1. Taking the condition outside any helix (DSSP H, G or I) and either at pLDDT 95 or above or assigned by TED's automatic domain parsing to the domain that holds residue 183 (or both), does residue 238 pass?
2. Filter segment 66-98 down to residues that are assigned to a helix (DSSP H, G or I) and either closer than 20 Å to residue 415 by Cβ or under 16 Å from the mean Cα position of the chain (by Cα) (or both), then give me how many there are.
3. I'd like the full set of residues that are among the basic types (Lys, Arg) and assigned to a loop (DSSP other than H, G, I, E, B), limited to segment 242-262.
4. Scan segment 168-202 for residues that are surrounded by 16 or more Cβ atoms within 10 Å (Cβ to Cβ) and not in a loop (DSSP other than H, G, I, E, B) and report the count.
5. Select the strands (runs of 3 or more DSSP E) contained entirely in segment 384-482, then report the ones holding at least 2 residues which are among the small types (Gly, Ala, Ser) and either at pLDDT 95 or above or closer than 23 Å to residue 115 by Cα (or both).
6. Give 96, 119, 79 a once-over and let me know the one that is of a type in the set (D, E, K, R) and either at pLDDT below 95 or not assigned by TED's automatic domain parsing to the domain that holds residue 402 (or both).
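The values are calculated or read from the model by the stated rules, or taken from the named source; none is laboratory data. The shown structure was predicted, so the numbers you read here are calculated from the model rather than taken from an experiment. All Cβ positions, even for glycine, are placed from backbone atoms using ideal geometry, and neighbour counts span all protein chains on display.
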Amino acid sequence: MKKILGLIFAAAALSCNQGATNESKEGQTTASGNISLDNKKITVYTTADSTDLRLSTSDTASFTAMGQPLESQVCVFVDPDKTFQTFVGIGAALTDASAETFYKLPEEVRQEFLTAHFDKEKGIGYTIGRTNINSCDFSSDTYTYVKDSDKELASFNIDHDRKYKLPFIKEAIKAAGGALTLFASPWSPPAWMKDNNNMLQGGKLKPEFYDSWALYYTKFIKEYEKEQVPVWGISVQNEPMATQKWESCIYTAEEEAGFLKNHLGPTMQKEGLGDKKIIVWDHNRDLIYQRAQTYMKDPDVAKYIWGIGFHWYEDWSGGTPMYENLKRVQEAFPDKHIFFTEGCAESFNPARYNAWVLGEEYGRSMINDFNNGMVGFTDWNILLDETGGPNHVQNFCFAPVHADTKTGKLIYTNAYYYIGHFSKFIKPGAKRIIASATRCQLLTTAFRNEDGKLIVIVMNQGSQHTPYFLWIDGKAASLTALPHSIQTIVI
């Protein structure tokens, strides 16, 4: 594993179902028109199946003149003149499970983990974090921050989080250079606020507790910020259409809109937290347009909404995930942000640590979702143990990195490297630009960082070596995509 990490650090020192690209009202500003590609350095970083390449510097190249490509020539066309959404960042959830697992590791391994995820030079440079308000399935127990029936929330305190989760988040912030875009999501209100008197198994928030529950978010934010943990935003409810065996709460689109309009939004304003971002939906791509339409038709709801969160767990029955549902939302509501708030590989089995499909699922979704308007990506648990937990309802899952708490070692799946091909190179504030491939085995997206660097991602989901030309405005560079690989090309 040290060999693999060494490849990452060395790379750092050198510093057919793709969704259609969508044009945003952020404009079509010029980029390459003022930039000559002559003498521009091209560096290629690669992660590939059946090789030792893991975010490794694999090639360098330069541009030469190339006019009209032949139909037989495989190309990736990049047009920096067309810019779209602004990139917010990439990160993962800092859950109870992640924090508890982290503190079971030796100190030197904890530092390895923090460096690998948050260091901008030696690691993959995560800039986003998510955490849970009250317990979720990836907690070792079910808990809230108040005593039963305390409608006024006089007993509110976050002592539970001070044991593992808050110290872990603080270490992540420090490792990230002192700042992390952190948002928080509830899985369920306290049981006594719900019509089923249970934090688990769905149920709904009782209307008589709408104001108490709205105030609960503000109490959480203020307590975290007293601990020097800034909270960037919140989502209204994790997966509001899923009745789960773990913590869950159901809202129709109309109910969520009404709660936001009449309770949560005004309470956030009243409590001096109107600058915090509010994310609605926070569930799968399948129903995302219906939810968006319902929220946005009322301007008194829409004014509180920063963005629409989504997950990737929709039932696509072996076909293609509904990537273009994001595009429909972006087309209809271009002033709102489309933000990935959760995804993971389910059905944990340690025999599949090395399964290449784990990383490919991330690469395929991230490329398609960015091309359809996504502004940022938040993975699910940043770290889990050798059981795929801890999880108090046995809903065990994969994380990109697992800790074997018996040996004190980290296990890096290829999903970590696939995510790193985006998070390490695309910087917050970057603009997405056009990238278009001529063969369906190559998936591609591209960004222009604020410093002018072009970042092109090319994923070969096929089993053949694929030579191709990276073509920009009559200039091209000759490159090769290895079988089942992902490349980041930095220009």
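1. Working: outside any helix (DSSP H, G or I): yes; either at pLDDT 95 or above or assigned by TED's automatic domain parsing to the domain that holds residue 183 (or both): yes.
Here the answer is yes, as residue 238 does meet what is asked.
2. Within segment 66-98, residues that are assigned to a helix (DSSP H, G or I) and either closer than 20 Å to residue 415 by Cβ or under 16 Å from the mean Cα position of the chain (by Cα) (or both) number 2.
3. Going through segment 242-262, the residues among the basic types (Lys, Arg) turn out to be 245, 261.
Across segment 242-262, the qualifying residue is only 245.
4. Looking only at that region, the number is 17.
5. On the way: elements: 401-404, 409-412, 431-437, 442-448, 454-460, 466-472, 475-481.
Those strands (runs of 3 or more DSSP E) span 431-437, 475-481.
6. Working: 96 fails: either at pLDDT below 95 or not assigned by TED's automatic domain parsing to the domain that holds residue 402 (or both); 119 fails: either at pLDDT below 95 or not assigned by TED's automatic domain parsing to the domain that holds residue 402 (or both).
Answer to the selection: 79.
To keep it simple, each residue is scored yes or no on (1) surrounded by fewer than 24 Cβ atoms within 10 Å (Cβ to Cβ); (2) over 30 Å from residue 80 (Cβ atoms); (3) not aliphatic (A, V, I, L, M); (4) not assigned by TED's automatic domain parsing to the domain that holds residue 104.
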| residue | (1), (2), (3), (4) |
| --- | --- |
| 388 | no, yes, yes, no |
| 391 | yes, yes, yes, no |
| 395 | yes, yes, yes, no |
| 414 | no, no, yes, no |
| 446 | no, no, no, yes |
| 462 | yes, no, yes, yes |
| 478 | yes, no, yes, yes |
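Okay, residues lined up against (1) assigned to a strand (DSSP E or B); (2) at pLDDT 95 or above:
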{"residue": "18", "(1), (2)": "no, no"}
{"residue": "27", "(1), (2)": "no, no"}
{"residue": "37", "(1), (2)": "no, no"}
{"residue": "43", "(1), (2)": "yes, yes"}
{"residue": "46", "(1), (2)": "yes, yes"}
{"residue": "51", "(1), (2)": "no, yes"}
{"residue": "59", "(1), (2)": "yes, yes"}
